[in-house]
Amino acid sequence: MTSETFPHPDLLAETPFIWRARRPAARRRLICFPHAGAGAGAYAEWAALLPPEIELAAVQLPGRQNRIAEDPLTDARPLIRLLSQALRPVLDGPYSFFGHSGGAVLAYEVARALAARGAAGPEHLFLSALPAPGTEGRVRQLRDLTDEELTAEVVRLGGIEPEIAEDEDIMDSLLPTLRADFEMWENHRVAPGPRLSCPVTVVCGTDDPRAPLDTLDGWRDHTDGEFRTRFFPGGHFYLLTDAAELVGHIGRTLLDPQAAQSAPRTASHLAGSRS
C-alpha cells in the first residue's frame, strides 16, 4: 500500500487503467494487479528488475494515486467486465498476469473473462498470497473492522509502515479505498466455470497468515495447464521485502520454464513439514 500520488518515472500512465514501462524491443509483457489499497505504483520498481525481454504494465484502479479523486469500486463484477476491455492495448502480444492477494482474484477473473470471449489469454498466471476458492473462511475478514482496528491489522501484516499509519492525513485518504477493496474481495466468490488452459504458479510467503499453506493447492483444480507452487521467506507482504528474488523467478519462468521448475516445493509438502 502506498500514499504515492504521481506516476513513477519508470512506470507512466497511458490510459486511466494502465501504467506502463515501455520497452519497444521486449518480446513479452507482464501485467500486474495490485493488492487492496494499492495502486499501479506498487510495481514501479519491478520494471528495472525484469529481464529486458519483458515489459511491465500495471493496472490502476479508481481511488488511488493519479485516480485518487474517483470513488473506489465495491463490486468486482463490473470491474472485471471493464478491465477485460480496458486492457486491450496491452494484450496485443504474448503476455502474463501477476496479482497479489485481492489483485490475484482480479487477475484470475479477468483471465476467465477473456477466455469466455474467445480472446487470447495469458501465457502464464501468477497468483500471489491467495487461498484457493472454497477456503476463504480460513482467513480473518477485515471489511467490518473499525478504522483503528483495520489500520493496526494492516500494519501488523506489513502492508503499511508504522510511521505512515500515524499520519492522519495519509490514512484519511487511504482508508476509504482500503475498506472498499476489502469489501469487494471479501464479498466476491469465484463462480463455477470452465478451467483455464494456461499454466498457473501460486507464489506465497512461508509465514502468511492470510494464505495458509494448506489452502493453496486447490488452485490446481482451476487450470488444465501446468500447476506449480513457489514459496519465499516472509509473511503476507513477502514481496515487499525482497522483490528481486520474486521478479527473478517470474522472469525465469517466462523465458526458461524448464529451468524454473527446479525450485518449488509443494504447498502440501511445506504444510506437512510443520505438522
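Read-outs throughout are calculated quantities, based only on the coordinates presented, and are distinct from any laboratory measurement. For clarity, every value in this text was computed on a predicted model and none was experimentally measured. Reconstructed Cβ throughout: ideal geometry from the backbone, glycine too, with neighbour counts over all protein chains shown.
Computed quantities for the displayed model
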| read-out | value |
| --- | --- |
| Structure-based [θ]222 nm, the chain - -39500 (n - 2.57) summed over DSSP H runs of at least 4, per residue, nearest 500 | -9500 deg cm²/dmol |
| Kyte-Doolittle mean at least 1.6, axial Cα span of 20 Å or more - DSSP H helices of the chain | none |
| Global geometry of the chain, whether rounded, prolate or oblate, following the gyration tensor of its Cα atoms and the 1.5 cut on a/c | rounded |
| Bridge type composition, the chain - antiparallel percent by DSSP, nearest 5 | 25 |
| Nearest-20 debye value, the stretch 3-81 charge dipole, Cβ charges on Lys, Arg, Asp, Glu | 320 |
| Listed residues 43, 68, 173: farthest to the positive end of the dipole of the chain (Cβ charges) | 43 |
| At most 14 other Cβ within 10 Å, DSSP loop - trypsin sites (Lys or Arg not before Pro), the stretch 114-146 | 117, 140 |
| Highest average packing first - 245-254, 45-54, Cβ atoms within 10 Å | 245-254, 45-54 |
| Packing rank of 213-219, 188-194, 78-84, where each peptide gets the mean count of other beta carbons within 10 Å, highest leading | 213-219, 78-84, 188-194 |
| Net charge of Cβ neighbours under 12 Å - reference residue 180; Lys, Arg +1; Asp, Glu -1 | -3 |
| Centre separation in Å (Cα based) which lies between the stretch 83-138 and the stretch 141-207 | 18 |
